[in-house]
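Below: one structure, written as C-alpha cells.
The values are calculated or read from the model by the stated rules, or taken from the named source; none is laboratory data. These numbers were taken from a predicted model, which means no experiment stands behind them. Using ideal geometry, Cβ is built from the backbone for each residue, glycine included, and neighbour counts are taken over all protein chains shown.
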Amino acid sequence: MARKAEACGFRAFFRSDHVLVMGDGDGLPGPTDTWTTLAGLARDTITSRLGTLVTSATFRHPGLLAMQVAQVDEMSGGRVELGLGAGWSEREHAAYGIPFPESVGERFDRLEEQLDIVTGLWETPVSEQFNYQGVHYTLVDSPALPKPVQTPVLMVIGGSGGRHTPELAVRHSSDSDTPEPALGVVR
C-alpha cells in the first residue's frame, strides 16, 4: 500500500500505532509493530515521508523509542516523522499486558518525560553522554546513540488537552529553517 501511495504521488505514509482494531472488525490479520513495519517501508519506498499518528508514550520506553526512530530515519535517508501522544485505550494495553496509568495526568507526565528524553538523546553531541532523572524514567550515562539523519526529526504531538498538549507542542517545536512545519498538534 505504501509503495502504491508513493507511485500515485502521495508525499507521506503514516500509520496508526495500535495493537487492537479500533472500531468494528475481526482483527485479522492481527497487529503489527508499527516501528518494525516502518523500518521495512523505509527500505521499500524512496520519497515518501514515514511516520506514526500517533505512538502512545505508554507503549515503549523512551530510550528504546529514540533508538528505533533514529534507525528508521537512517534506513529511510531522513524521511521519518514521530507522532507521540499520552495513550488512551485501557483495553488495548490490557490485551498485551502493557501497564496503563489510570490517571490522565500521569500519562501526560510520562509523555512529557518521553519527549524530553527522546529529544535529549538526539541532541546530545556524539561522544558525550546523556543523563536524565524524572519521576517515571531515569537514564544514566547513555551514549545517546544512534542519531537520526535529519535534525530535527519532525514531530506530531497528539492529544486533546486544551492547555497541556499545546504547551508541549510549543516547547518541542523546532527553530529549524525547514519549509514544512516541524510540529503539529492533533486534536
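Taken as a whole, the structure leaves TYR96 outside the set of residues that are without any contact (Cβ under 8 Å) to a residue 60 or more places away in the chain and either surrounded by fewer than 20 Cβ atoms within 10 Å (Cβ to Cβ) or among the aromatic types (Phe, Trp, Tyr) (or both). If you check MET75, MET67, MET22 for being exposed (fewer than 14 other Cβ atoms within 10 Å of the Cβ) and out of contact with any strand residue (DSSP E or B) (no Cβ under 6 Å at 6 or more places or on another chain), only one passes: MET22. For GLY87, the test of being in a loop (DSSP other than H, G, I, E, B), among the small types (Gly, Ala, Ser) and under 23 Å from ILE117 (Cβ atoms) is passed. Is it true that some residue in segment 108-126 is in a loop (DSSP other than H, G, I, E, B) and buried (at least 16 other Cβ atoms within 10 Å of the Cβ)? Looking through segment 108-126, at least one residue is in a loop (DSSP other than H, G, I, E, B) and buried (at least 16 other Cβ atoms within 10 Å of the Cβ).
Note on segment 132-163: among residues that are among the small types (Gly, Ala, Ser) and either at pLDDT 95 or above or more than 25 Å from VAL72 (Cβ to Cβ) (or both), the one that is surrounded by the fewest Cβ atoms within 10 Å (Cβ to Cβ) is GLY162. Identify, please: which residue in segment 78-99 is touching a helix residue (DSSP H, G or I) at 6+ places or on another chain (Cβ under 6 Å) and at pLDDT below 90 and is, among those, farthest from LYS147 (Cα to Cα)? Ranking the candidates gives GLY87 first. Each residue in segment 63-77 was checked for being without any contact (Cβ under 8 Å) to a residue 40 or more places away in the chain, more than 11 Å from ALA42 (Cβ to Cβ) and in contact with a helix residue (DSSP H, G or I) (Cβ under 9 Å, 6 or more places away or on another chain), and 1 of them qualify.
Checked against (1) modelled with pLDDT of 90 or more; (2) closer than 23 Å to GLY97 by Cα; (3) not aromatic (Phe, Trp, Tyr), GLU6 passes all but a single condition, namely (2).
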